[in-house]
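Shown next, in structure tokens, is the structure this report addresses.
The values are calculated or read from the model by the stated rules, or taken from the named source; none is laboratory data. All values derive from a computational prediction rather than experimental measurement. Cβ sites come from the backbone with ideal geometry, for glycine too, and all protein chains shown count toward neighbours.
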Amino acid sequence: MQLHLNKVIPTYFEAEKVKESGIWLKDLAIRKGEFVKVVAPSGSGKTSLMHFLYGMRGDYNGSIAWGTLQYPVSPEQLAKLRSDTISIVLQDLRLFPEQTVFQNIDIKRKLNPYHQPGRIKEMAEKLGIGTKLQSLCKTCSYGEQQRVAIIRALMQPFDFLLMDEPFSHLDNSNSEIAMQLILEEAKAREAAIVFADLERIEFFPYETLYHL
């Protein structure tokens, strides 16, 4: 499978504003298994791009297609695409604050199991939140919640993993540990990673670099 973007631009952007962009208004294809870094300064539409790719928003011109499936799609098609093909770490996380860390992660695993439940504890311990599994998410720091969101995204099968500033509240050491886990899981699935952030991250072994 490939992700295809054809002359995509947010409807609220002027073409003149994005003439130097490597993504907006370009024809691009990202293949399964490819590691892509998107360097995106504030105001360049990084989160909008992630939302467009995940089918959360449609306020853009141009076209986005996952293989032969082009947006817009039916709710049923979108649900299957997200269940089988695309996983995401959102910048605003979207956790359930009144549920425990374990429940937040396990709900994704139960929807389309890729791992056994015991893998949750293994990942949580690796990322330093093993003692937080029975804590309510609302009691966790933002950095801890980011790690919850990362583990949650790794619970399902996927061919593409989208990440929007997944390490913004983690120090370098914890970011590198989380990245190694992400790479391990992506390689096991032969999946692509599309990683958008404000700057280049040296410990992400990207093959393709785009400036948004």
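Laid out as a table, the results:
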| item | result |
| --- | --- |
| Selection status of Gln91, under 30 Å from Cys140 (Cβ atoms) and assigned to a loop (DSSP other than H, G, I, E, B) | yes |
| All positions within the stretch 120-161 that are touching a residue at least 12 places away in the same chain (Cβ under 8 Å), of a type outside the set (A, V, I, L, M) and assigned to a helix (DSSP H, G or I) | Lys121, Lys126, Lys132, Cys137, Lys138, Tyr142, Gly143, Glu144, Gln145, Gln146, Arg147, Arg152 |
| Single residue of the stretch 15-59 satisfying the filter (without any contact (Cβ under 8 Å) to a residue 40 or more places away in the chain and under 20 Å from Glu165 (Cα atoms)) that is surrounded by the fewest Cβ atoms within 10 Å (Cβ to Cβ) | Gly43 |
| Qualifying residues in the stretch 189-200 (those that are in contact with a Phe, Trp or Tyr (Cβ under 7 Å, 6 or more places away or on another chain) and of a type in the set (A, V, I, L, M)) - the one surrounded by the fewest Cβ atoms within 10 Å (Cβ to Cβ) | Ala191 |
| Residue in the stretch 1-21 that is nearest to the chain's Cα centre (by Cα), counting only those that are under 16 Å from Ile64 (Cβ atoms) and in a loop (DSSP other than H, G, I, E, B) | Met1 |
| Ala186 being out of contact with any helix residue (DSSP H, G or I) (no Cβ under 6 Å at 6 or more places or on another chain), under 17 Å from Arg109 (Cα atoms), surrounded by fewer than 23 Cβ atoms within 10 Å (Cβ to Cβ) and modelled with pLDDT of 95 or more | yes |
| The stretch 51-70: number of residues that are under 15 Å from Leu3 (Cβ atoms), touching a Phe, Trp or Tyr at 6+ places or on another chain (Cβ under 8 Å) and assigned to a loop (DSSP other than H, G, I, E, B) | 1 |
| Residue within the stretch 69-91 that is touching a residue at least 40 places away in the same chain (Cβ under 8 Å), over 18 Å from the mean Cα position of the chain (by Cα) and within 18 Å of Leu212 (Cα to Cα) present | no |
| Top-ranked residue in the stretch 162-181 [being charged (D, E, K, R) and part of a loop (DSSP other than H, G, I, E, B); ranked as surrounded by the most Cβ atoms within 10 Å (Cβ to Cβ)] | Glu165 |
